[in-house]
There are 2 protein chains.
Amino acid sequence: MTTPIRSLDRALDILCCFTQEEHSLSLTQISDLVNLPKSTTYRMLSSLEGKRFLNRDNLTGKYHLGYQFIDMANIALQDIDIQNWALPFLEKLSADCGETVDLAVLDQNQVIYIGVVESKQRVKIAASVGQRLPAFCTASGKAFLAFLSDSQVTSILNKGMPVYTPTTPRLKEKLFTDLRMTRERGYAISEQEYETDINAVAVPILDRSMRPILAMSAVGPAYRFSNERMVALVGSIRSVNEAIVNEIGIPALKAIVSKIVNSGFSI
Amino acid sequence: MTTPIRSLDRALDILCCFTQEEHSLSLTQISDLVNLPKSTTYRMLSSLEGKRFLNRDNLTGKYHLGYQFIDMANIALQDIDIQNWALPFLEKLSADCGETVDLAVLDQNQVIYIGVVESKQRVKIAASVGQRLPAFCTASGKAFLAFLSDSQVTSILNKGMPVYTPTTPRLKEKLFTDLRMTRERGYAISEQEYETDINAVAVPILDRSMRPILAMSAVGPAYRFSNERMVALVGSIRSVNEAIVNEIGIPALKAIVSKIVNSGFSI
DNA sequence: AAACCGAGTTTCACTGTATGAAACTCCTTC
DNA sequence: GAAGGAGTTTCATACAGTGAAACTCGGTTT
């Protein structure tokens, strides 16, 4: 590994001091946060300001993140490859658990699969990107619903609850109980609710106020997906979800999701 | 002035290499663009990548702007002060031309004044932030309409064209001619079209595809606002508009405008 | 009004770090 | 298998980045 450039690293640390809560910081605050002498910090701030990465409020003298970031974010968002951005994570998960895995967003009363990696096993579930499935009877869908308000769920359920299999949820009562449990334990399970002989587990990615953004799931043949097995898979899914949040970040994920939904995603 | 930090400046230059057209760049491309040896460039790229400001496509090896920018842009956007961000520019303009000046966005068939600085003169026009005026008979409004499609303009005009003064435009024909001229010369003029004895000139801020984002205008008593005077003011307005675009940038301006409009701006 | 304080800014001598030429390693292509 | 091109590592050197300290400028306290 190449030796990092100290001054640059320090400057980037300065930028990372700014958060949702701490929009605006003074020289002194920053130099305390990064543990650098004020003179050094000052020079870095000036450089950053000179290139529009920071700007300074003339009145308060405090620094703010500059407009440059909005320009750059636009470019960054524009070249995110909707089809493939999640693949590395899905592949990791599929390798970890050896099953078909997919990542979904919620659009109205349906989930849309925005990324899929199929299992390497002989008996596997075929799934394809762009597929839309009803939310109320799929693991991914229920992972979303469990973190919506009751009124939002109700309005989604009112769009219809077709019966696909003997175990498709039919009573709203029961479904609400399921969703409550799902919220408590943090993962959703569908046992042949949409297709016979197919089970699935899903874990949502939530923002800080517990709103669901994405749902990651593993799907497989019922005989391989016992309840215990599915519970065991939750751990793998969770850790991949964490990796996604760490590498990409909640704001970026939200931006990607809204880009996908607005593009009327379908392959 | 403090001496800038060379390595940091260079690294920021690297970031600025990425544009709408050139999303993804290889080491060699970047080192050519910034005129630095590959080893230096390489180390900087690694540092930037390490802090999520860049990421590298494993397949192609090319660099992209990182998700970090989306996080930061969120923060930056959140702490833009809707009320005051434009004040320095408005003050500059007001000082330059000695008149009441304002900045407006278009919302449906109305313009909303999002920033105002009143003239220091005895006879001046009172104007206030948050005020909504009809688009079809104000300088700011016409500055917008002139750069919309005919069908968009028509649908706005269909919302009504009340007659406020003897010179309020009444015939769509005539108004369209006015708008065509406005587009050609790049500024809009209203001579007592909304209030008697009050004239105004407005110059829009356009994006690259000539869509109007904001309109900056100077308003004053008709006796001081002869046609020649208004034409002369266009220069001052233009140069302040340029300053806005340079300092803030088109993408950021768009983001600010949509933030304002979505917030149902009203003081 | 003098003394004090805290925040920001500038100075300057020192040294450790960023630098870039060159060497090296994989690739792909001819 | 030689040639070329892209990325990566090495290393000696110079000078760029550093930070202690001095300075400036408001505001506040004595």
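Just so it is clear, none of the values below were taken in a lab; they were calculated from the coordinates. For clarity, every value in this text was computed on a predicted model and none was experimentally measured. As a convention, Cβ positions derive from the backbone with ideal geometry for all residues, glycine included, and neighbour counts pool all protein chains shown.
Summary table
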item	result
Region B:2-113 pair-distance distribution - Cα-Cα, 10 Å bins, rounded %	11, 30, 22, 20, 15, 2
Packing rank of B:176-187, B:194-205, where each peptide gets the mean count of other beta carbons within 10 Å, highest leading	B:194-205, B:176-187
Cα→Cβ-extended label distance, 7 Å offset, between A:Thr3 and A:Glu22, nm	3.0
Chain A, relative contact order [Cα under 8 Å, separation at least 6], %	15
B from A by rotation - nearest chain A beta carbon to the axis, in Å	A:Ala73, 2
Within chain B: Cβ-based charge dipole about Cα centre, in debye rounded to nearest 20 (Lys, Arg +1; Asp, Glu -1)	200
Contour minus Cα-Cα distance for B:Ser239 and B:Arg208 (0.36 nm per residue)	9.4 nm
Shortest-first distances to equivalent copies, position B:Lys124, nm, label 7 Å out along Cβ	7.2
Using alpha-carbon coordinates, inclination of helix B:38-50 to the longest axis of chain B, degrees	70
Rounded to 10°, Cα long-axis angle of helix B:6-16 versus longest principal axis of chain B	60
Top of A:Leu103, A:Leu45, A:Leu145 by mean-square fluctuation, Gaussian network on chain A, Cα under 10 Å	A:Leu45
Packing-based order for B:25-35, A:105-115, B:236-246, using average beta carbon neighbours within 10 Å, highest first	A:105-115, B:236-246, B:25-35
Zone of B:Asp197's modelled label, taken as backbone nitrogen in region B:86-112 under 19 Å from a point 7 Å along Cα→Cβ	B:99-101
Region A:82-152: trypsin sites (Lys or Arg not before Pro) in DSSP loop, at most 11 other beta carbons within 10 Å	A:Lys120, A:Arg122
Exposure proxy ranking, count of Cβ atoms within 10 Å, fewest first, for A:Met230, B:Met44, A:Met1	A:Met1, A:Met230, B:Met44
Helix B:172-185 axis, angle to chain B major axis (alpha carbon atoms, nearest 10°)	40
Measure of compaction for chain B (Cα Rg per 2.2 N^0.38 Å)	1.23
B:Val261-A:Ser149 FRET efficiency (beta carbon distance; Förster radius 22 Å; 0.05 resolution)	0.25
Paired Rg and Dmax values of region B:52-160, which use every Cα atom, in angstrom	20.3, 68
Centroid-to-centroid separation of region A:62-83 and region A:192-267 [C-alpha atoms, Å]	26
Nm distances between copies for A:Lys259, ranked from closest, using label points 7 Å along Cα→Cβ	2.0
Over 22 Å between alpha carbons, listed pairs A:Lys92/A:Lys120; A:Lys62/A:Lys259; A:Lys62/B:Lys120; A:Lys259/B:Lys254; A:Lys51/B:Lys51	A:Lys62/A:Lys259; A:Lys62/B:Lys120
Taking the C-alpha atoms of the protein assembly as shown, convex hull volume expressed per residue in Å³	187
Exam field: A:Lys174 pseudo-label spacings to other copies (7 Å along Cα-Cβ), nanometres	7.3
